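The values are calculated or read from the model by the stated rules, or taken from the named source; none is laboratory data. Everything quoted here is computed from the prediction, not taken from an experiment. Please note: Cβ atoms are built from the backbone with ideal geometry, for glycine as well, and neighbour counts cover all protein chains shown. Quick note on the areas: whole protein, heavy atoms, side chains included, nothing else; ligands and nucleic acids left out. Shrake-Rupley method; radii C 1.70, N 1.55, O 1.52, S 1.80 Å.
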Amino acid sequence: MDPDRVLIFDTTLRDGEQSPGISLNTAEKLEIAHQLARLGVDVIEAGFPIASPGDFQAVQAIAREVHGPVIAGLARAHAADVDRAWEAVRDAERPRIHTFLSTSDIHIEHQLQSTREDVKGQARAAVAHAKALCEDVEFSPMDATRADVEFTAEVLRIAIDEGATTINVPDTVGYTMPDEYVAFLRSLYDLVPGLADVVLSVHCHDDLGLAVANSYAGIQAGARQVECAINGIGERAGNASLEEIVMLLHTRGEAVSLTTDVVTRELARTSRLVSRLTGYVVQPNKAIVGRNAFAHESGIHQDGVLKERSTYEIMDATTVGLDANSLVLGKHSGRHALREALQELGFAVDGQALNTAFKRFKEIADKKKQVSAMDLEALVTDELRDELRAYTLSWFDVEASSRRPPHATVELVTPDGETVRGDFTGDGPVDAIFRAINAATRREARLREFRIDSVTGGQDALGEASVVLEVAGQSAGGQGVSTDIIEAAALAYVRALSNAERRVAAAAASAEEATTADPQLTPTP
Ligand code: KIV
Ligand code: ZN
């Protein structure tokens, strides 16, 4: 491998998907995975196959359908996990099993309730088992940065002896600092001679806002794989942000002399897709992909940029794909033009999917004069949200007035095909329709978050709503797009409800399984 090349390992669909309220279905995960392949990442960690049948199905679909990157499945250091991960990724062009086990005493004592000796044995068995199934095996000593370096080194020697090809050193709780991380990794190089013959990887969480700085420090210490996520999503404060790492290496290329294979022009679109499907908004001032990342407010800055862009811009917005919104269709555009436009945006839509997209496009083009690339992206991703076993909104009526409390009536079709109706008088029109949906479905759903945004500027812009609900202790999100914001909100609510119910059912099924399984097999990493 080229010593100056840094491999980009994307964990948006695994660590990122562990963020609260995110509930992606298989079609959504596949769309993100296809976009990640277009973006040029080296590895896609597609999920944690043993976590649920839905996770397994999504990882398997990605392994079968997404070409180019290595497809990794995560597994705890248990034979059953490793088998399940292998089952899910085995059909990929280049499969990888990623297995992990904590090496910090805090985790060994309190979480695993085990001993260092057991951890060594378990790591040996898990890597050996994974290696017997798959040539490409990654091992992670979880919570490494709070672990004893000598003990971690001992475990890594075992993992490498058993055939691990990538060693990832996670800062699981986002605790380390750049100089400390460098020192830790250098000690590992000293204590584990075999580390020089495998790929060293870094995986940093952002609890102290240092994930990208720590990842870069890791690269300087010799790491050649960075684990990161689009928009920096992930457990708690998230993972290192992929776009920031990539653009750091790209923009400071002369200083760092390191490269990635990422197609930087795809960054903005990937960020929008992930934000839209996860419901996680990108903060306006977010580096690289935030709406204001290339905006100049002060007169002095504007003046400078007008005279010469480099006065106040270290990157060109076009490099990250922020200019790619010029495409426009109107109500006279036909199916062929729509198909071409979607293709240009990276969506391969044909057959029934094209018919559905065309119908939605016509409805929207009748209400809006111009349908832009951003609108089309929003429409196509909205279509991905519908699942077979889900509630669907048939129609609604909302009466709103400043003199009477608003009243809503809805009709839905349940996942079992039954037509149900409900009505409610609420505090506002959105509240009324949400409560009418609860009445129709007889569900005790509690609204945790609600947001409404516009896809583009302008009075006739599409509205995009995002809802997070809690049902029986499980939270899940849903999104909806429409020219009518009440309809967008209702669609988002109905989808969040369907996702939450799926979670409730999956939790009940895994609780049942857990009564007969090893108590160490907790559901998430
Ligand atoms: O943060 C972490 O330690 C992880 C591991 C599973 C790599 O996500
Ligand atoms: Zn992590």
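Screening the stretch 343-432 for strands (runs of 3 or more DSSP E) wholly inside it with 3 or more residues that are closer than 17 Å to Ala492 by Cβ returns the ranges 392-399, 407-413. The set of residues in the stretch 229-243 that are within 10 Å of the chain's Cα centre (by Cα) and of a type outside the set (Val, Ile, Thr) comprises Ala229, Asn231, Gly232, Gly234.
Can you find a residue that is hydroxyl-bearing (Ser, Thr, Tyr) and open to solvent by 10 Å² or more (accessible area, probe 1.4 Å) anywhere in the stretch 232-255?
Filtering the stretch 232-255 down to residues hydroxyl-bearing (Ser, Thr, Tyr) leaves 241, 251.
Checking the rest, the ones that are also open to solvent by 10 Å² or more (accessible area, probe 1.4 Å) come to 251.
Checked the stretch 232-255: at least one residue is hydroxyl-bearing (Ser, Thr, Tyr) and open to solvent by 10 Å² or more (accessible area, probe 1.4 Å).
I'd like to verify a number: residues in the stretch 8-24 that are within 15 Å of ligand 1 (Cβ to nearest atom) and of a type in the set (Gly, Ala, Ser), how many? Matching residues across the stretch 8-24 total 2.
Scanning the stretch 173-187 for residues that are open to solvent by 20 Å² or more (accessible area, probe 1.4 Å) and among the β-branched types (Val, Ile, Thr), we see that the one that is farthest from ligand 2 (Cβ to nearest atom) is Val182.
Does Ala80 count as modelled with pLDDT under 95 and of a type in the set (A, V, I, L, M)? In short, no.
Does Ser23 meet the test of being open to solvent by less than 40 Å² (accessible area, probe 1.4 Å), out of contact with any strand residue (DSSP E or B) (no Cβ under 8 Å at 6 or more places or on another chain) and within 27 Å of Gln474 (Cα to Cα)? Quick ask: steps written out before the conclusion?
On the way: open to solvent by less than 40 Å² (accessible area, probe 1.4 Å): yes; out of contact with any strand residue (DSSP E or B) (no Cβ under 8 Å at 6 or more places or on another chain): no; within 27 Å of Gln474 (Cα to Cα): yes.
Answer is no for this residue.
Just to be sure before I move on: is Gly194 within 16 Å of ligand 2 (Cβ to nearest atom) and small (Gly, Ala, Ser) in the structure I sent? Answer is no for this residue.
Within the stretch 209-230, residues that are touching a residue at least 60 places away in the same chain (Cβ under 8 Å) and away from ligand 1 (no atom under 13 Å from the Cβ) have Cβ atoms under 7 Å from residues that are open to solvent by 10 Å² or more (accessible area, probe 1.4 Å) and in a loop (DSSP other than H, G, I, E, B) in these pairs: Ile219/Leu258, counting only partners at least 6 apart in sequence or on another chain.
Within the stretch 433-458, how many residues turn out to be of a type in the set (A, V, I, L, M) and either part of a helix (DSSP H, G or I) or surrounded by fewer than 14 Cβ atoms within 10 Å (Cβ to Cβ) (or both)?
The initial filter retains those residues of the stretch 433-458 that are of a type in the set (A, V, I, L, M), namely 433, 436-437, 439-440, 445, 447, 452, 455.
Cutting the leftovers down to either part of a helix (DSSP H, G or I) or surrounded by fewer than 14 Cβ atoms within 10 Å (Cβ to Cβ) (or both) gives us 433, 436-437, 439-440.
Selection size over the stretch 433-458: 5.
Applying the condition of being of a type outside the set (S, T, N, Q) and open to solvent by 30 Å² or more (accessible area, probe 1.4 Å) to the stretch 213-227 and asking which residue is nearest to Met1 (Cα to Cα) yields Arg224.
Filtering the stretch 13-43 to residues that are within 16 Å of ligand 2 (Cβ to nearest atom) and either modelled with pLDDT of 95 or more or polar (S, T, N, Q) (or both) leaves Leu13, Arg14, Asp15, Gly16, Gln18, Ser19, Val43.
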